[in-house]
């Protein structure tokens, strides 16, 4: 009787049954049912509290399956030990396949293959599917017959070391797709394009360690009109895929790879006409230490490529940059690199007629504003940065850098419009410079010790 009149039991059951939503442990709901009879009845009556299964314990699976009634369920199968015919997974599949809302499968190749072989029944409520094969020898094979070949309700699809016949039918609601570690020859560019066409609502695409075979119909373009972000990591030749995709405004596009097998030009599309997010980019960043990285950004989005290498050669980066339309570039950053040739460097700068800020970091003897007297410079050199307003220098303690000479040349290049206003020096040892000399060429000098 005292328990019934306790203040805690005056809480309406509609409020009380919201408590498990704030628990971090799935077993917390079971503990709550042992507090008292009133709590037990309240929590058991809410079927949505019993919809998450981990398929580890047969009795627990039976209880959750019974108490979830007809509610959509979320199933997690983490299988690294041999699966027996009495595994809790078989208490659910195929009997409750039609109730699946999310399904996580991971384990050895043999176990994942056994689990997926029992997924032939339709799953009309399934929105999230993740299959991760952690076997080292062979991929798991998923055919179009799984789930009856119809995944029309699917929103998210993640496949890791899985060989599948893309595309499945009716992927119209898919918004997130991640494909990892496909064996060589398991997927083609043509197959990926077919898949993208069947999933017009894709927001996010991530390809990692996927080397698709080529051989696409020339001129074929597939629109990803809803795309927000795309990542292509260690995938052979990203350009072979990117040149067939229409990438809309606002997309974050990132490519990564190994410079031993790839060139910068192969990490970017061969034609930039279909990359609407790269048109009119205003910022260019080059990083040439431990890896070779290029990043382009502007009001329409961002495109970056990173190629791992122990000794980056900036020649390829500058050649790729020189082939792009940089006429709208307002900000240029170069970190840890020297120019491959003065002609190529000048060709790059000459196209940046709107350049307003130049930032150099750890560039040693990179006299990017050399005059005709500098060794290797062209005698016909002209002023090429008429709108330059700010020069930012990141200096290390082991660098010998003629800052005054550099600023003098920078001012000379910007002399046409007389707009060079500021130089900012950032170093890590606080060395002194003759600020009065620098002020002969700029209006404002800023100092910062990193």
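Considering the range 413-442, and only residues there that are surrounded by 12 or more Cβ atoms within 10 Å (Cβ to Cβ), within 41 Å of the chain's Cα centre (by Cα) and over 12 Å from residue 393 (Cα atoms), the residue that is modelled with the lowest pLDDT turns out to be 417.
Contact map, the range 324-343: first residue at pLDDT below 65, second residue surrounded by fewer than 20 Cβ atoms within 10 Å (Cβ to Cβ) and in a loop (DSSP other than H, G, I, E, B), Cβ cut-off under 6 Å, separation 6 or more or different chains; pairs are 338/366; 342/376; 342/377. Might you check whether a residue that is crowded, with 20+ Cβ neighbours inside 10 Å, within 21 Å of residue 209 (Cα to Cα) and at pLDDT 75 or above occurs anywhere in the range 295-305? Checked against the condition, which is being crowded, with 20+ Cβ neighbours inside 10 Å, within 21 Å of residue 209 (Cα to Cα) and at pLDDT 75 or above, the range 295-305 yields at least one hit. Would you check if there is a residue in the range 15-36 being outside any helix (DSSP H, G or I), out of contact with any strand residue (DSSP E or B) (no Cβ under 9 Å at 6 or more places or on another chain), within 29 Å of residue 154 (Cβ to Cβ) and modelled with pLDDT of 75 or more? Checked against the condition, which is being outside any helix (DSSP H, G or I), out of contact with any strand residue (DSSP E or B) (no Cβ under 9 Å at 6 or more places or on another chain), within 29 Å of residue 154 (Cβ to Cβ) and modelled with pLDDT of 75 or more, the range 15-36 yields no hits at all.
Taking first residues from the range 289-309 that are over 16 Å from residue 336 (Cβ atoms) and partners that are at pLDDT below 75 and part of a strand (DSSP E or B), the Cβ contacts under 8 Å between residues at least 6 apart in sequence or on separate chains come to 303/275; 305/257. Within the range 135-163, the residues that satisfy the criterion of being in contact with a strand residue (DSSP E or B) (Cβ under 8 Å, 6 or more places away or on another chain), closer than 17 Å to residue 117 by Cα and at pLDDT 85 or above are 139, 140, 141, 142, 151, 159, 160, 161, 162, 163.
With respect to (1) surrounded by fewer than 21 Cβ atoms within 10 Å (Cβ to Cβ); (2) closer than 21 Å to residue 146 by Cβ, the lone exception for residue 211 is condition (2). A residue that is at pLDDT 80 or above, closer than 21 Å to residue 321 by Cα, more than 14 Å from the chain's Cα centre (by Cα) and not in a strand (DSSP E or B) occurs nowhere in the range 253-275. For the range 107-121, filtered to residues that are buried (at least 17 other Cβ atoms within 10 Å of the Cβ) and touching a helix residue (DSSP H, G or I) at 6+ places or on another chain (Cβ under 7 Å), the residue that is nearest to residue 72 (Cα to Cα) is 119.
Is it the case, given these coordinates, that residue 354 is at pLDDT 80 or above, under 26 Å from the mean Cα position of the chain (by Cα) and surrounded by fewer than 22 Cβ atoms within 10 Å (Cβ to Cβ)?
Working: at pLDDT 80 or above: yes; under 26 Å from the mean Cα position of the chain (by Cα): no; surrounded by fewer than 22 Cβ atoms within 10 Å (Cβ to Cβ): yes.
Here the answer is no, as residue 354 does not meet what is asked.
Residues satisfying the criterion are absent from the range 193-203 (criterion: surrounded by fewer than 19 Cβ atoms within 10 Å (Cβ to Cβ) and closer than 23 Å to residue 134 by Cβ).
Could you go through the range 96-105 and let me know if any residue there is buried (at least 16 other Cβ atoms within 10 Å of the Cβ), out of contact with any strand residue (DSSP E or B) (no Cβ under 7 Å at 6 or more places or on another chain) and at pLDDT 90 or above. Looking for residues that are buried (at least 16 other Cβ atoms within 10 Å of the Cβ), out of contact with any strand residue (DSSP E or B) (no Cβ under 7 Å at 6 or more places or on another chain) and at pLDDT 90 or above, one finds at least one in the range 96-105, hence yes. Scanning for something assigned to a loop (DSSP other than H, G, I, E, B) and either in contact with a strand residue (DSSP E or B) (Cβ under 6 Å, 6 or more places away or on another chain) or touching a residue at least 60 places away in the same chain (Cβ under 8 Å) (or both), does the range 63-79 turn up at least one residue? The answer is yes; a qualifying residue exists. The set of residues in the range 201-225 being over 19 Å from the mean Cα position of the chain (by Cα), assigned to a loop (DSSP other than H, G, I, E, B) and in contact (Cβ under 8 Å) with a residue 24 or more places away in the chain consists of 214, 215, 216, 217, 220, 221.
Within the range 94-105, the only residue that satisfies the criterion of being farther than 15 Å from residue 148 by Cα and in contact with a helix residue (DSSP H, G or I) (Cβ under 7 Å, 6 or more places away or on another chain) is 105.
The values are calculated or read from the model by the stated rules, or taken from the named source; none is laboratory data. Just so you know, these numbers come straight off a predicted model, no measurement behind them. Counting neighbours? That spans all protein chains shown, and the Cβs are built from the backbone with ideal geometry, glycine included.
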